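The values are calculated or read from the model by the stated rules, or taken from the named source; none is laboratory data. Quick caveat, the model's predicted, so the values are computed rather than measured. All Cβ positions, even for glycine, are placed from backbone atoms using ideal geometry, and neighbour counts span all protein chains on display. The protein model used for the area step is the full one, side chains on, heavy atoms only, and it has no ligands, DNA or RNA in it. Shrake-Rupley method; radii C 1.70, N 1.55, O 1.52, S 1.80 Å.
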Amino acid sequence: MITLTDIAYVRSGVADLAAATRFATEIVGLELAASTEPGVAHLRADQRHHCLSLVEGRSGVIASGFTVAGPDELEAAETELERSGITVRRGSAEQARSRRVREFIGFDDPFGNHLELVIDQENVARPVAFSRTAGITEFGHLCLDAPDVYDAHRFWSTRFNAKVSDWIRDKACLLRIDPVHHKLAVFQADTPGLCHMNFQVASIDDVFRNWHFLLDHDVQIEMGPGRHPQSTAIFLYFLGPEGFTYEYSFGVRRIEDDSAWTPRTFDPDEPGSIDMWLGPTKRVSSQRQLIEPAPGPDRAPEPAPAKAQPSQQSQTSPEPVGGRTR
Ligand SMILES: [Fe+2]
């Protein structure tokens with residue numbers, strides 16, 4: 001059993017680094033860390049040096065990172081994954097530096113999502129210099145895609161310390177690795193990818209102020225504002241460049257006593273099961289996982305190809321999670 005102590009980061013390839021960085025700062029509100037590496041933008045939302053890296057190259061998710069406690073735990077994780085037949089690669093010193101971690105390993109989950117386990121992710125002591133006052137308090141969760149959420153649950157709950165908090169039937173599995181209702185979710189989709197990256201905000205007022213800000217700036221709202229009955233979070237999903245979906249949310253439920261919690265199943269077709277406020281719901285867009293013939297811990301492709309590969313472009317699943325579609 002591998003104990004994940006937290007989520008660490010998302011690393012995403014972008015064909016237009018300038019545009020994606022501009023959106024992450026001027027629209028989402030993240031801080032752009034001082035540039036130390038050509039072709040890579042590090043975005044900060046909380047105490048972490050960064051939680052989002054935009055890497056110039058092909059468009060698509062490179063990796064999702066999680067922390068483990070220390071070098072012994074990382075080595076044990078490597079051994080355990082290899083014993084189960086998963087190919088694991090150690091990141092180089094240069095790759096670890098780019099991620100602002102001491103060491104890391106990389107591997108694919110059984111569904112093709114590239115995952116990284118890291119130790120000693122760097123913190124920054126000074127307050128975050130947000131690019132605008134969106135009210136962001138922290139990197140809240142990430143959501144991956146898999147063809148079968150029950151298989152995904154088996155993977156995450158047997159190999160790792162992830163526990164299911166709630167099911168949206170066969171469409172979504174919401175998983176916790178600490179008291180937060182979900183820091184990881186898996187949504188049903190035919191191809192691997194990142195469904196969305198979540199940032200918590202400080203108040204319901206921030207959610208609604210951000211909604212007006214996004215509308216004023218012609219940003220495509222994917223869903224919300226609404227309220228999820230599972231986590232009780234008030235949500236707002238919106239689409240960034242290259243098919244990358246961001247979410248702001250406020251008020252996520254905490255499960256302090258595991259023994260007192262029984263996971264529930266919600267029917268996605270039942271009104272209110274996605275949004276208690278009965279707003280229009282849809283399956284938000286996913287950014288596809290970058291696939292390479294020889295997977296390594298750093299999926300970063302060669303910088304600056306002429307344009308994104310069509311097969312790696314973002315996708316919108318036609319299949320709704322449930323409820324009415326816009
Ligand atoms: Fe979410």
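Being under 22 Å from residue 143 (Cβ atoms) and away from the ligand (no atom under 14 Å from the Cβ) is the filter; apply it to segment 197-215 and report the residue that is surrounded by the most Cβ atoms within 10 Å (Cβ to Cβ). Lay out the reasoning, then the answer.
Of the residues in segment 197-215, the ones under 22 Å from residue 143 (Cβ atoms) are 197-202, 204, 206-207, 210-211, 214.
If we keep only those that are away from the ligand (no atom under 14 Å from the Cβ) too, we end up with 202, 204, 206, 210-211, 214.
Values: 202: 14, 204: 14, 206: 23, 210: 27, 211: 17, 214: 20.
Looking at the filtered set, the residue picked out is 210.
Given (1) open to solvent by less than 10 Å² (accessible area, probe 1.4 Å); (2) closer than 23 Å to residue 197 by Cα, where does residue 67 come up short, assuming only one miss?
Here residue 67 clears every test but (1).
Surrounded by fewer than 18 Cβ atoms within 10 Å (Cβ to Cβ), part of a loop (DSSP other than H, G, I, E, B) and modelled with pLDDT under 95, is that true of residue 319? First the steps, then the outcome.
Numbers: surrounded by fewer than 18 Cβ atoms within 10 Å (Cβ to Cβ): yes; part of a loop (DSSP other than H, G, I, E, B): yes; modelled with pLDDT under 95: yes.
It is true that residue 319 is surrounded by fewer than 18 Cβ atoms within 10 Å (Cβ to Cβ), part of a loop (DSSP other than H, G, I, E, B) and modelled with pLDDT under 95.
Quickly run through segment 112-155 and pick out the residues that are among the charged types (D, E, K, R), within 16 Å of the ligand (Cβ to nearest atom) and open to solvent by 30 Å² or more (accessible area, probe 1.4 Å). Walk me through it before giving the result.
Keep residues of segment 112-155 that are among the charged types (D, E, K, R), which gives 116, 120, 122, 126, 132, 138, 145, 148, 151, 154.
Retained after the next criterion (residues that are within 16 Å of the ligand (Cβ to nearest atom)): 138, 145.
Listed by number, the list holds a single entry, 138.
Yes or no: segment 222-233 includes at least one residue that is part of a strand (DSSP E or B), away from the ligand (no atom under 11 Å from the Cβ) and open to solvent by 30 Å² or more (accessible area, probe 1.4 Å).
yes
Among the hydrophobic types (A, V, I, L, M, F, W, C) and either closer than 13 Å to residue 284 by Cβ or within 22 Å of the chain's Cα centre (by Cα) (or both), is that true of residue 244?
Working: among the hydrophobic types (A, V, I, L, M, F, W, C): yes; either closer than 13 Å to residue 284 by Cβ or within 22 Å of the chain's Cα centre (by Cα) (or both): yes.
For residue 244, the condition - among the hydrophobic types (A, V, I, L, M, F, W, C) and either closer than 13 Å to residue 284 by Cβ or within 22 Å of the chain's Cα centre (by Cα) (or both) - is met.
Considering each of 236, 194 in turn, give the residue that is touching a Pro at 6+ places or on another chain (Cβ under 6 Å) and buried (at least 21 other Cβ atoms within 10 Å of the Cβ). First the steps, then the outcome.
Numbers: 194 fails: touching a Pro at 6+ places or on another chain (Cβ under 6 Å).
Residue meeting the stated conditions: 236.
Is at least one residue of segment 286-297 within 15 Å of the ligand (Cβ to nearest atom) and modelled with pLDDT of 95 or more?
Here is the first cut: in segment 286-297, the ones within 15 Å of the ligand (Cβ to nearest atom) are 286-287.
From what's left, modelled with pLDDT of 95 or more: 286-287.
Yes.
Could you please tell me which pairs satisfy a Cβ distance under 6 Å, a separation of 6+ or placement on different chains, a first residue in segment 226-238 that is closer than 18 Å to residue 135 by Cβ and of a type in the set (Lys, Arg), and a second residue that is more than 12 Å from the ligand (Cβ to nearest atom) and open to solvent by 10 Å² or more (accessible area, probe 1.4 Å)?
The qualifying pairs are 227/276; 227/277.
Among the residues of segment 70-88, is any at pLDDT 95 or above, open to solvent by less than 60 Å² (accessible area, probe 1.4 Å), out of contact with any Pro (no Cβ under 8 Å at 6 or more places or on another chain) and in a strand (DSSP E or B)?
No, because not a single residue in segment 70-88 is at pLDDT 95 or above, open to solvent by less than 60 Å² (accessible area, probe 1.4 Å), out of contact with any Pro (no Cβ under 8 Å at 6 or more places or on another chain) and in a strand (DSSP E or B).
Whether any residue in segment 267-282 is of a type in the set (Lys, Arg), within 16 Å of residue 142 (Cα to Cα) and part of a loop (DSSP other than H, G, I, E, B) is what I want to check. Reasoning before the result, please.
From segment 267-282, those of a type in the set (Lys, Arg) are 282; that's our starting set.
From what's left, within 16 Å of residue 142 (Cα to Cα): none.
Checked against the condition, which is being of a type in the set (Lys, Arg), within 16 Å of residue 142 (Cα to Cα) and part of a loop (DSSP other than H, G, I, E, B), segment 267-282 yields no hits at all.
When you scan segment 250-290, how many residues do you find that are under 26 Å from residue 205 (Cβ atoms) and in contact with a helix residue (DSSP H, G or I) (Cβ under 9 Å, 6 or more places away or on another chain)?
Residues meeting the conditions: 2.
Residue under question is residue 160, and the condition is that it be touching a residue at least 40 places away in the same chain (Cβ under 8 Å), surrounded by fewer than 22 Cβ atoms within 10 Å (Cβ to Cβ), among the aromatic types (Phe, Trp, Tyr) and away from the ligand (no atom under 15 Å from the Cβ); does it hold?
Working: touching a residue at least 40 places away in the same chain (Cβ under 8 Å): yes; surrounded by fewer than 22 Cβ atoms within 10 Å (Cβ to Cβ): yes; among the aromatic types (Phe, Trp, Tyr): yes; away from the ligand (no atom under 15 Å from the Cβ): yes.
The answer is yes for residue 160.
Return a yes/no flag: does segment 171-185 have any residue that is over 16 Å from the mean Cα position of the chain (by Cα), open to solvent by 10 Å² or more (accessible area, probe 1.4 Å) and within 14 Å of the ligand (Cβ to nearest atom).
Within segment 171-185, one or more residues are over 16 Å from the mean Cα position of the chain (by Cα), open to solvent by 10 Å² or more (accessible area, probe 1.4 Å) and within 14 Å of the ligand (Cβ to nearest atom).
Which members of segment 234-249 meet the condition of being among the hydroxyl-bearing types (Ser, Thr, Tyr) and out of contact with any helix residue (DSSP H, G or I) (no Cβ under 8 Å at 6 or more places or on another chain)?
Start the filter on segment 234-249 by keeping residues that are among the hydroxyl-bearing types (Ser, Thr, Tyr), which leaves 237, 245-246, 248-249.
Passing the criteria: 237, 245, 246.
Quick one: would you say residue 11 is among the basic types (Lys, Arg) and open to solvent by less than 30 Å² (accessible area, probe 1.4 Å)?
Here the answer is yes, as residue 11 does meet what is asked.
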